[in-house]
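The values are calculated or read from the model by the stated rules, or taken from the named source; none is laboratory data. Keep in mind that what you see is a predicted model, and the values were worked out from it rather than measured. Reconstructed Cβ throughout: ideal geometry from the backbone, glycine too, with neighbour counts over all protein chains shown.
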Amino acid sequence: MNSHSPTPAHATAAHPAQTLENTLAETLEPLGETLVDAEVDIVPPPAPPAFSTIGRVILGASLVLIAFNLRPVFSSASALLPEIRSELGLSALGASLLTTLPVVCLGAFSPFAPRLAQRFGSEWTLLGVLLLLSLGTALRGLSSMPLLFIGTALAGACIAVGNVLLPGLVKRDFPKQAALMTGLYTMALCAGAAGAAGLTLPLEAMLGGSMNAALAAWALPALVVGAIWLPQVFMVKRGAVRTGFRVEGLWRDRLAWNVTLFMGLQSALAYSVFGWLVPILRDRGLDGVTAGAVVSISVMVQAAACLVVPHIAVRGKNQSIINVTLCALAVGALIGLLFAPLSTVWIWAVIQGVGQGGLIAAAMTVIVLRSGDAHIAAHLSGMAQCVGYLLAATGPLIVGFIRGWTGSFAGCAILFVVIGTIAAINGWFAGRNGHVGARSVST
């Protein structure tokens with residue numbers, strides 16, 4: 001029979017469950033394409049561990065749970081910022097530095113992640129991340145201003161390393177399910193941020209009104225996940241490795257800087273939301289629990305947008321219009337949250353979630369699409385995260401300064417418009433078809 005002859009309809013009819021599975025795989029497939037492997041330069045390349053089916057389920061659940069713990073530090077402090085200022089006598093400048101510090105750490109410590117992975121292995125490094133993250137989070141609850149800042153910095157450094165290594169592990173250990181695992185990983189990141197934003201104040205009430213206990217309580221999930229992750233560490237055998245590639249010309253390339261600035265400026269908006277949106281809404285008259293719930297809804301919508309935007313972005317050669325549109329949505333919604341009637345905050349929160357979540361996904365997508373190979377993608381991602389997060393730290397810092405200088409958040413509207421406009425300009429250039437002018441060289 002001719003291989004191209006038509007097949008009877010009854011022979012091609014798929015089982016409904018199989019059809020749903022195929023549709024889900026096709027929908028999520030672009031997510032897998034946005035993963036960047038921080039260990040791609042390592043020779044010989046790390047091999048995925050051989051696990052039983054149950055072991056792989058535990059491994060996948062562990063990776064998702066690690067992702068959940070990489071965001072509560074940001075939004076839990078934001079939810080309690082008025083209480084922190086009152087109980088510890090924190091000034092407006094101190095509040096600005098507190099919300100900015102973990103973002104600075106994201107930029108400052110992300111370059112060390114590949115080196116730590118090469119020296120100790122990703123599994124051992126992530127175990128250290130979880131234990132030190134738990135310690136840093138717990139230190140914030142000891143009713144001491146120095147320990148509050150030390151714990152926040154330690155947690156931020158751990159999150160920086162986890163941010164870099166986790167996507168590579170997902171890609172390495174689940175190559176055939178990378179898209180599904182990336183979707184779960186993304187949703188877990190947003191769930192951690194949303195949970196901390198919405199549950200920290202109710203948790204404070206449950207713990208007898210103790211702000212310190214509510215802050216420290218977020219150390220427990222990281223500690224539990226560390227215990228779950230521990231067996232994975234001992235299952236991996238690792239030999240001697242070396243760096244087998246270097247990338248030349250990246251830091252001198254204009255397109256690479258467009259991608260980096262787009263990443264950094266959209267992150268400045270994102271961490272302004274994480275750090276200050278609850279205080280902004282409380283300042284406008286919402287009670288703390290409702291303000292936290294509004295931010296939680298916005299962050300969960302971000303998760304949905306993160307799943308959808310890569311699917312749209314990779315379908316075309318040019319992502320410029322998408323990037324600019326998302327900037328307009330994110331900034332426009334922030335203006336609405338600042339000035340629109342409080343009865344409409346839920347609508348603006350959803351729009352902001354669409355814009356901000358889409359921007360996060362778009363920034364990660366253009367890193368991959370503008371790279372000529374996996375080695376360049378890893379180095380461009382490192383550049384975008386190092387410089388981008390240091391730039392992003394200016395967002396929450398200036399928001400705090402504006403609040404301290406003017407006694408109001410209204411002036412932040414100008415800041416958000418400026419950041420959004422520059423992000424849109426760089427997003428336009430970062431979205432144009434082409435590759436950065438860099439090349440990977442074996443060593």
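A few remarks follow.
- Total residues in segment 190-206, condition out of contact with any Gly (no Cβ under 6 Å at 6 or more places or on another chain) and buried (at least 24 other Cβ atoms within 10 Å of the Cβ): 6
- The listed residue being under 30 Å from Ala293 (Cβ atoms) and of a type in the set (A, V, I, L, M, F, W, C), out of Leu169, Leu165, Leu180: Leu180
- Subset of segment 81-95 that is buried (at least 16 other Cβ atoms within 10 Å of the Cβ) and charged (D, E, K, R) - its residue that is nearest to Ala214 (Cα to Cα): Glu83
- In summary, helices (runs of 4 or more DSSP H) completely within segment 71-144 and bearing 1 or more residues that are free of Cβ contacts under 8 Å to residues at least 60 places away in the same chain occur at 81-88, 92-109, 112-120, 122-139.
- Segment 203-223 - residue that is without any contact (Cβ under 8 Å) to a residue 24 or more places away in the chain and part of a helix (DSSP H, G or I) and, of those, nearest to Val64 (Cα to Cα): Leu203
- Selected residue (criterion: surrounded by the fewest Cβ atoms within 10 Å (Cβ to Cβ)) from residues of segment 327-339 that are touching a residue at least 40 places away in the same chain (Cβ under 8 Å) and either aliphatic (A, V, I, L, M) or over 22 Å from Met364 (Cβ atoms) (or both): Phe339
- Apart from one condition, Gly332 fits all of (1) closer than 27 Å to His435 by Cα; (2) modelled with pLDDT of 95 or more; the exception is (1).
- Here Ala77 meets the list (1) more than 30 Å from Lys237 (Cβ to Cβ); (2) modelled with pLDDT of 70 or more; (3) over 24 Å from the mean Cα position of the chain (by Cα) almost entirely, failing just condition (3).
- Matching residues in segment 42-64 - criterion: being assigned to a helix (DSSP H, G or I) and under 14 Å from Asp173 (Cβ atoms): Thr53, Gly55, Arg56, Val57, Ile58, Leu59, Gly60, Ala61, Ser62, Leu63, Val64
- Test for Pro102: is it on the phi < 0 side of the Ramachandran plot, out of contact with any strand residue (DSSP E or B) (no Cβ under 7 Å at 6 or more places or on another chain), modelled with pLDDT under 80 and not aliphatic (A, V, I, L, M): no
- Listed conditions (1) over 26 Å from Leu81 (Cα atoms); (2) touching a helix residue (DSSP H, G or I) at 6+ places or on another chain (Cβ under 6 Å); (3) modelled with pLDDT under 95 are all met by Asn426, apart from (3).
- Candidate set: segment 145-203, residues that are modelled with pLDDT of 90 or more and of a type in the set (S, T, N, Q); chosen: the one nearest to Gly128 (Cα to Cα): Asn163
- The conditions of being part of a strand (DSSP E or B), out of contact with any Lys or Arg (no Cβ under 9 Å at 6 or more places or on another chain) and not hydrophobic (A, V, I, L, M, F, W, C) are not met by Arg282.
- Residues within segment 215-246 that are over 23 Å from the mean Cα position of the chain (by Cα) and farther than 30 Å from Ser52 by Cα, tallied: 4
- The one condition in (1) under 24 Å from the mean Cα position of the chain (by Cα); (2) in a helix (DSSP H, G or I) that Glu39 fails to fulfil: (2)
- Selection within segment 148-161: residues that are within 15 Å of Ala219 (Cβ to Cβ) and in contact (Cβ under 8 Å) with a residue 60 or more places away in the chain. The member of this set that is nearest to the chain's Cα centre (by Cα) is Ile159.
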